[in-house]
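Read the structure below first, then the notes.
The values are calculated or read from the model by the stated rules, or taken from the named source; none is laboratory data. None of these values were measured; they are calculated from a predicted model. Quick reminder, even Gly has a Cβ in these numbers, built from the backbone with ideal geometry, and neighbours come from all protein chains shown. Just the protein is used for accessible areas: all its heavy atoms, side chains included, with ligands, DNA and RNA removed. Shrake-Rupley method; radii C 1.70, N 1.55, O 1.52, S 1.80 Å.
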Amino acid sequence: MSWSLERDDGTVTEWERSDGYATVRLRERSAGGVVARLDVMEQAVDESTYERQRLDDPEAAEERAAAWRDAHDLDD
């Protein structure tokens, strides 16, 4: 299954998996840095997961988001 960019407003960037049961979000913090969040809902065919990580480097946050999307991509 693929991921699509659902929101990108300069503060929050969020991707949603095509089945609608998983999201990855990056949110810029007013104090600096980025919060990365993975949410795989209980209804998903893969295991329910919630992870949150604060990163100081925006590039590292982008890499974390990409890794989560790759790890939680599902075959069609």
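Quick look at the numbers
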item	result
Residues of the chain: accessible area per residue with a 1.4 Å probe, Å²	64
Given charges at beta-carbon only (K, R positive; D, E negative), |dipole| of the chain in Debye	420
Kirkwood hydrodynamic radius of the chain, Cα pairs, Å	12.5
With every protein chain in place, the chain: carbon and sulfur % of accessible area (1.4 Å)	39
Order by protection proxy (mean Cβ within 10 Å, highest first), peptides 17-24, 29-36, 64-71	17-24, 64-71, 29-36
Options Gly33, Trp68, Trp3, ranked by Cα towards positive dipole end of the chain, top entry (Cβ charges)	Gly33
Percent RCO, i.e. relative contact order, over the chain, from Cα pairs under 8 Å lying at least 6 residues apart	25
